[in-house]
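The values are calculated or read from the model by the stated rules, or taken from the named source; none is laboratory data. Small disclaimer: the values here were computed from a predicted structure and weren't measured. Neighbour counts run over all protein chains shown; Cβ positions are idealised from the backbone, glycine included. The area values use the complete protein model at the heavy-atom level, side chains included, leaving out ligands, DNA and RNA. Shrake-Rupley method; radii C 1.70, N 1.55, O 1.52, S 1.80 Å.
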Amino acid sequence: EELVNALINDMKKLGISIKEVNFNYILEENEWKIALFKTDVYVDDKGKKSTDFHFIRKNYDGYWSHKVGWKDRPEKLENRKDILIAPERLNLVIEDNDGNPVKYNYIGTYRLKKKKLKLRKKRRKLQLMKEDKLRLKYINK
């Protein structure tokens, strides 16, 4: 699906590995889990056909949370027992800007893991070695 491919490409650009997993996948260190949802095609306020997506994220405390829009604060979904059972049965409805309910359908669950940034450490080490050589060269003049 186009949305999933876009998600995978975005994560690669951010240095995050992504893998589709079972909803009950047990997280390892430095991993987190998201469930992806998508709306059916709808007509937006400008009259264009559109779709929208939404994530819920499993927190380190075991609860799931989400946030609506980029300005809002994350909200725990602790009262939603259906998330713990099966996300594909989750009735995720979020109000749009006009207060209309929009239903989001479950797409899949993904494990995310930040890749180690060894390259940055190597670059810093090389930079320090260059600085040391320049210092030695200056001292030996």
Original post:
Which residue pairs have Cβ atoms closer than 6 Å, lie 6 or more positions apart in sequence or on different chains, and pair a first residue in the range 45-63 that is at pLDDT below 80 with a second residue that is polar (S, T, N, Q)?
Top reply: N59/S65
Subject >> V93 within 23 Å of L3 (Cα to Cα), in a strand (DSSP E or B), of a type outside the set (D, E) and at pLDDT 75 or above >> reply: yes
Subject >> Subset of the range 18-61 that is open to solvent by 30 Å² or more (accessible area, probe 1.4 Å) and of a type in the set (G, A, S) - its residue that is farthest from K114 (Cα to Cα) >> reply: G47
